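To keep things clear, I will list the structure first and then write my remarks on it.
The values are calculated or read from the model by the stated rules, or taken from the named source; none is laboratory data. All values reported here derive from a predicted model rather than from experimental measurement. Neighbour counts are summed over all protein chains in view; Cβ atoms, including those assigned to glycine, are modelled from backbone coordinates with ideal geometry. What goes into the accessible areas is simple: the full protein's heavy atoms, side chains included, and nothing from ligands, DNA or RNA. Shrake-Rupley method; radii C 1.70, N 1.55, O 1.52, S 1.80 Å.
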Amino acid sequence: MARLTENRIRISVRNLVEFLLRSGDIDNRRKGKKEVEAMAAGARMHRKIQSRMGAGYEAEVPLKADYEVEELVISLEGRADGLFVRDGVPTVDEIKGVYWDIGALEEPLPVHRAQAMCYACMALDGGRWNREPGGGTPAGSEPPLVGVQITYCHLESEEIRRFEERLSPAEVRRFAARLLEEYAAWGTFLYHHRRQRNASIKGLPFPFSYRPGQRRLAVAAYRAMEQKRNLFIQAPTGIGKTMSVLFPAVMAVGEGLGDKIFYLTAKTITRTAAEEALEILRRKGLHMSSITLTAKEKLCPLTEEGKRPECNPEACPRAKGHFDRVNEAVFDYIHREEKAGRESVLAWCERYRVCPHEFSLDLSDWLDVVICDYNYVFDPNVQLKRYFAEGNDGEYLFLVDEAHNLVERAREMYSAGLYKEDFLTVRTLVKPYSSKLARRLSSCNKMLLEMKREGDGPMVRDSVDAFAMALAGAYGEMEKFQEEFRVLDGDEDFGNFYLEVRHFLNMYEQLDDSYCVYTEPVNERSFLLRLYCVSPAKKLSECLSRGNSTVFFSATLLPIRYYKELLCGNAEEYAVYAPSPFDPSKRFLAAAGDVSSRYKRRNRREYERILDYVLTAVSGKKGNYLVYFPSYSYMEAVYQAALLRGLADGPEFLVQSPRMTEADREEFLARFEKEREGSLAAFCVMGGIFSEGIDLRGERLIGVLVVGTGLPGICTEREILKGWYEKRGKDGFSYAYRYPGMNKVLQAAGRVIRTNTDEGIILLLDDRFLSGEYRRLFPGEWEDCHVINYEKLPALLEDFWRMAENRKTYLQMEEGVL
């Protein structure tokens, strides 16, 4: 990535030539060790070759030079692999370690030659090759010739092949000048865009009147960015969190506190909120470009649902010659459009016949705001290496929306697991072609079988070093297999297993005390070995350290110390709590002390009692209600109790089903738009797709009932969490169960009362909500929570809705409607 300051743009030689001279096809079949590991192996080979070159050979020479091109100063920088003199001719040596057949080369690759030519130009312009007095030419004069040598070394055989040419200084400079002039067109765009952007930010007003508490959030966010600190914001729905963090980030960019904003989300709907907020600011005069990144599977026009895209020239016509066309496509787009999303990207890529996914990533380099999923910053398998690879620090501002979701998402990103049966499946696939790989996989399977025989239940492992060593051997053979045999290129079983093994080995290399390694028989046929990341804070912090500042924000970051510990590991980070901006008299909140969802209380009588609460709530006022249950089985039990009663005059019931498609989800939510004679009681599972990220304002939703405390089910990993925190002197039950459960409760309750005109009820149906352990986790605006039993409910609801009706009548009189 290039960095622009005023009219000076800094870029490395490697980035310059790889950007301008890239060509050819996308081909994901040739990734793996042959590319990923070449860098590490190449560094070792560099040192070996350099050590053999003699005393006059200068290795790893840093070079810098400034070039004025039109309005820009391009600061070119890099590190030449070697400088030496041969036969009186000063020469640049560019070393490339590769895995492909160097004997087939007739000339160096253009990108490698260009890199060496740029280093030669920088050495000339930096005066490194001026002749010494007495050397046959006047002091300070340049050599008549300079040498450019490209050294190729095969990283396995150590075979070496060199290409050398000698040129005049003028030829070297003309070559570099052509590259710099071509790049200047891109740099000039960036320079003028940034000037226009920064000018539009100066004096940009906050687009609304500040809601109560909103200005405080915006000021806190700006100060955190100014001080390069992290900030945690707990703020309820309706206060305007998106604009409260995006606006100060925009202002910070205008003040030079960052040059790119990453708005990170867990769900599509929150991406839409960020896009809408940017559009509002644009209508106020902001000139800031943005892109919303879409998952490759959803962008690829050739991918079947549920399958991974095949990114190679044989399977995809856009992959063929993609790099020959993509720069033109990007250059044209950034000069014509200010924002990019799925539809505009697909249309543009159809025109230029390029891959939409790769085009999106390249386009993001030139835009100011990147709206994307958490994965693009944090997931080691999906992370945008152009921004976040080791050493690629930047002036980034991270805005993490719905940050409560990041805890479990990060645990999954940094965990890894392998199933014993997958080794047998892949062994069967490869055996006809490679007996050596089949034996390696058999060896791994045998070791897993021995672990399986050690016990019938979950078992924490002190070490799996021997297995990891055997697995690394199998992985190496899988790499060779992919190079030698192309018979399984499109096989899903082989491809998925390869990726799982690679991820497992990567995570194994990073094992520390934030992990727990365990095995577990999943069923009679399945056996799992799992590297479980208990605390992702260290790895998340490593990612965020690539930028300047991070703002974590959510309506449910309680208790805040829990999220500080798990998201960054620093209890001293700044935090802001914003109270609800809504009138508490428009909301009825109550916790029932005569029902419980505890397992020992799950019986027909309790289901009937819950149903009584539901029927009484929905009869208090005609309207739409959401009822959240702790599980599908509990929800089904209450629904069956309703069916047994008949309820001919009762509410209309709507029940969430497992594995709903996008169309099913849309149809479910559309039912809240319908006019009906009576009430709607929609049954959902807490923590599911309808627990957060849906926005049913006004009369579309007037009540939420939450059955139970949302505790996750007891399982191996929850018990591991519990024990891990207890060993560290903490409340293991709260970390493993209570805190995640209460987050689901708060998210569910937050579906009602979305604007300052909304009115509605929230019923918490579990006696545990009356205990101190849970009430301490209530947000500040829940201080008015009523303690009720079923007998009290009808009168309380009648009073609430009567007051609501009186309020409505009064407002109509004020407005002259009545």
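Please give the length that would be gained between LEU511 and SER344 if that part of the chain were fully extended, namely 0.36 nm times their separation in residues minus their C-alpha to C-alpha distance (nm, one decimal). Don't skip to the end; give the middle numbers.
Details: separation 167, 0.36 × 167 = 60.12 nm, distance 4.23 nm.
That pair, LEU511 and SER344, stretches by 55.9 nm at full extension.
For SER290, the amide hydrogen comes within under 5 Å of the amide hydrogens of LYS339, ALA340, ASP368, VAL369, counting only partners 5 or more places away or on other chains and with H modelled in the peptide plane.
Residue-wise HN-Hα couplings along region 653-664, as the Karplus relation 6.51 cos²θ - 1.76 cosθ + 1.60 with θ = phi - 60° gives them from phi, are 9, 10, 10, 5, 10, x, 6, 6, 7, 4, 5, 4 Hz; Gly and Pro carry x.
For the pairs LYS228/LYS564; LYS298/LYS480; LYS228/LYS722; LYS621/LYS808, flag any whose C-alpha to C-alpha distance is greater than 25 Å. Intermediate results must be reported in sequence, preceding the final value.
Numbers: LYS228/LYS564 17 Å; LYS298/LYS480 31 Å; LYS228/LYS722 34 Å; LYS621/LYS808 14 Å.
Pairs exceeding 25 Å: LYS298/LYS480; LYS228/LYS722.
The chymotrypsin sites (Phe, Trp or Tyr not before Pro) of region 420-495 include none that meets both conditions, a loop assignment by DSSP and at most 12 other Cβ atoms within 10 Å of the site Cβ. Classification of region 207-291 by its C-alpha gyration tensor yields a rounded form. The axis ratio a/c (a ≥ b ≥ c) stays under 1.5.
Using a cutoff of 8 angstrom between alpha carbon atoms and counting only pairs six or more residues apart, the relative contact order for the chain works out to 12 percent. When the listed pairs LYS48/LYS385; LYS260/LYS538; LYS96/LYS339; LYS241/LYS284; LYS202/LYS267 are checked against a 30 Å cut-off, the alpha-carbon distance exceeds it for LYS96/LYS339; LYS202/LYS267. Dipole of region 623-704 computed with +1 at Lys/Arg Cβ and -1 at Asp/Glu Cβ about the Cα centre; of GLY698, VAL685, ALA663, farthest Cα towards the positive end is VAL685. Electrostatic tally near SER289: other residues with Cβ closer than 9 Å to its Cβ, Lys and Arg +1, Asp and Glu -1, net -1.
When Lys and Arg each count +1 and Asp and Glu each count -1, what net charge do the other residues less than 13 Å away from ARG318, Cβ to Cβ, add up to? Intermediate values should be presented prior to the final figure.
Numbers: positive: LYS296, LYS320, ARG325, ARG351, ARG353; negative: ASP25, ASP27, GLU310, GLU314, ASP324, GLU350, GLU358.
So the surrounding residues net to -2.
Distance between the modelled labels on LYS202 and ARG665, one decimal in nanometres: 4.4 nm (7 Å Cα→Cβ projection). Residues whose amide H comes within less than 5 Å of that of THR5, counting only those at least five positions distant or on another chain, are ARG10 (H built at 1.01 Å from N in the peptide plane). Across GLU107, GLU71, the residue with the most accessible area heads the list, and the full order at a 1.4 Å probe is GLU107, GLU71.
Our note on the geometry: Cα centres of region 332-404 and region 624-686, 39 Å apart.
Can you compute the helix-only [θ] at 222 nm over the chain? Use -39500 (n - 2.57) per DSSP H run of at least 4 residues, normalise by all residues, nearest 500 deg cm²/dmol. Don't jump to the answer; show the numbers that get you there.
Numbers: 28 runs with 345 residues, N = 818.
Mean residue ellipticity at 222 nm (helix-derived): -13000 deg cm²/dmol.
Listed values for region 511-528 are Karplus-derived 3J(HN,Hα) couplings in whole Hz (6.51 cos²θ - 1.76 cosθ + 1.60, θ = phi - 60°), namely 4, 8, 6, 8, 10, 10, 9, 8, 10, 7, x, 6, 7, 4, 9, 10, 9, 10, and x replaces Gly and Pro.
Taking each residue as 0.36 nm, the span from SER435 to ARG178 lengthens on full extension beyond its C-alpha to C-alpha distance by 87.2 nm. About its Cα centre, the dipole of region 553-599 is roughly 160 debye, where the only charges are +1 on Lys and Arg Cβ and -1 on Asp and Glu Cβ. Using only the Cα atoms of region 479-523, build the gyration tensor, take square roots of its eigenvalues as a ≥ b ≥ c, and label the shape rounded, prolate or oblate: rounded if a/c is under 1.5, else prolate if a/b is larger than b/c, else oblate. In terms of gyration-tensor shape, oblate. Region 430-499 and region 514-566 have Cα centres lying 26 Å from one another.
Across region 88-96, computed HN-Hα scalar couplings (Karplus, 6.51 cos²θ - 1.76 cosθ + 1.60, θ = phi - 60°) run x, 9, x, 9, 9, 10, 10, 9, 10 Hz from first to last residue, x flagging Gly and Pro. Separation of region 181-252 and region 737-792 by C-alpha centroid, Å? About 33 Å separates the Cα centre of region 181-252 from the one of region 737-792.
Out of the trypsin sites (Lys or Arg not before Pro) in region 640-723, which ones are loop residues according to DSSP with at most 10 other C-beta atoms within 10 Å? Please report the intermediate quantities before stating the final value.
Numbers: sites: ARG645, ARG659, ARG665, ARG671, LYS674, ARG676, ARG697, ARG700, ARG718, LYS722; in loops: ARG659, LYS674, ARG676, ARG697.
Passing both the DSSP loop test and the Cβ count: ARG659, LYS674.
Between GLU773 and THR755, the simple label model (points 7 Å from Cα in the Cβ direction) yields a spacing of 4.1 nm.
Which FRET efficiency, nearest 0.05, do GLU106 and SER541 yield, Cβ-Cβ r, R0 60 Å? It would help to have the intermediate numbers written out before the result.
Values: r = 49 Å, r/R0 = 0.81.
Taking R0 as 60 Å, the efficiency between GLU106 and SER541 is 0.80.
Let me know the shape class of region 403-551, please: from the alpha-carbon gyration tensor, a ≥ b ≥ c as square roots of the eigenvalues, rounded when a/c is under 1.5, otherwise prolate if a/b is greater than b/c, or oblate. Oblate shape, in that a/c is at least 1.5 and b/c is the bigger or equal ratio. In this calculation the C-beta distance from GLU328 to ASN130 is compared with R0 = 30 Å, giving a FRET efficiency of 0.15.
Close amide H partners of LYS260, meaning residues 5 or more places away or on another chain with modelled amide H under 5 Å apart, are LEU397.
For ILE291, the solvent-accessible surface with a 1.4 Å probe is about 0 Å², rounded to the nearest 10. Along the Cα→Cβ direction, 7 angstrom out, place labels at ASP649 and ALA571. What is the inter-label distance in nm? So the label points at ASP649 and ALA571 sit 5.9 nm apart. Once the gyration tensor of the Cα atoms in region 621-687 is diagonalised, the equivalent ellipsoid follows with semi-axes of 19, 17, 10 Å, ordered largest first.
Maximal additional length on extending the MET813-ASP731 stretch stands at 24.1 nm, based on 0.36 nm per residue less the C-alpha distance.
Measuring spread by the Cα atoms of the chain yields a radius of gyration and Dmax of 31.3, 109 Å. Each pair of Cα atoms in region 462-620 enters the Kirkwood radius, and Stokes-Einstein at 4 °C and 1.567 mPa s then converts it into a translational diffusion coefficient of 59 µm²/s.
Hull surface divided by four, with the convex hull built on the Cα atoms of region 680-818: how many nm²? Write down the numbers at each step before the final one.
Working: hull surface 42.7 nm².
One quarter of the hull surface, i.e. the mean projection, equals 10.7 nm².
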